[in-house]
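Here the structure is laid out as structure tokens; the discussion comes afterwards.
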Amino acid sequence: SQTIHQWPATLVQPVGSPLSLECTVEGTSNPNLYWYRQAAGRGLQLLFYSVGIGQISSEVPQNLSASRPQDRQFILSSKKLLLSDSGFYLCAWSVIGLSSGEQYFGPGTRLTVT
Amino acid sequence: AQSVSQHNHHVILSEAASLELGCNYSYGGTVNLFWYVQYPGQHLQLLLKYFSGDPLVKGIKGFEAEFIKSKFSFNLRKPSVQWSDTAEYFCAVSNTGGFKTIFGAGTRLFVKA
């Protein structure tokens, strides 16, 4: 069966420091991959999605970037964190080519920028 | 602009009460519609989906939702809730293939035993 891992689970970082959050998927090949940020009372905001290695689409201009160095690995990064980057970050995957498009979510990373 | 509106942010019900959570969307073209649920301490997971066919869809744990195209709505229902239904529920809409999924703000449901 498929599983999705995210780490770390929680992270506290000072303003101006770099960020690297990692997501890996097991048990499937060539998935679509997604990064979301979840803010309390505001639902999930799609940040990036990827349909293949090295292919990244950005949905919202911001201080973050994403990379997909391997088929089942998706990384969210920042060179210098801002206070506004605090939040709960979720990685998700979906089956490529599936018209219904449901997504499967990881456990998330709680990021606090101080 | 694309958006999803969930009518209630917090709902409190007693066990055995009926549930209806409203969801309206604004999204061009053919849409796929979803309800996701996040139980306390668990991953966000799919509750049910609509992408074609019968507009009344049934999901896990006795939930159902009806797609009314003319009203741009996809309301979630359950005839009799249980304490274990306490969770946060998210309505979502996407284009075909699901790349650009828009989520609602979520509804926190608390069911009193």
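Values in this text are rule-based calculations from the coordinates and carry no lab data. Please read these numbers as outputs of a predicted model, since none were measured by experiment.
Quick one: among B:16, B:87, B:65, which has the greatest mean-square fluctuation in a GNM of chain B with alpha-carbon springs under 10 angstrom?
Top of the fluctuation ranking is B:16.
Taking 1 over the mean of 1/r across every pair of different Cα atoms in the protein assembly as shown, what Kirkwood radius in Å do you get?
Answer for the protein assembly as shown: a Kirkwood hydrodynamic radius of 18.1 Å.
Could you work out the relative contact order of chain A, using alpha carbon pairs under 8 angstrom and six or more residues apart, expressed as a whole percent?
Values: 281 pairs, mean separation 39.7, N = 114.
Relative contact order, chain A: 35 percent.
Between Rg and the Kirkwood Rh of the stretch A:39-90, both from Cα atoms, what is the Rg to Rh ratio?
Here Rg/Rh amounts to 0.97.
Hey, got the Cα dimensions of the stretch B:5-68 along the principal axes, in Å, largest first?
For the stretch B:5-68, the Cα spread along each principal axis is 37, 23, 22 Å.
Find the relative contact order for chain B and round it to a whole percent, using C-alpha pairs within less than 8 Å whose residues are 6+ positions apart.
Relative contact order here is 38 percent.
What lysines does residue B:100 reach when the alpha-carbon gap must be under 22 Å and sequence neighbours fewer than 8 apart in one chain are set aside?
The reachable lysines, counting only those whose Cα sits under 22 Å from residue B:100, are B:49, B:69, B:71.
Once you have a ≥ b ≥ c as the square roots of the Cα gyration tensor eigenvalues for chain A, tell me rounded if a/c is under 1.5, and otherwise prolate or oblate according to whether a/b is larger than b/c. Let's see the in-between values first.
Working: a/c = 1.76, a/b = 1.68, b/c = 1.04.
Cα axes put chain A in the prolate bin.
Under the Kirkwood approximation applied to all pairs of distinct alpha-carbon atoms, what is the hydrodynamic radius of chain B in Å?
14.1
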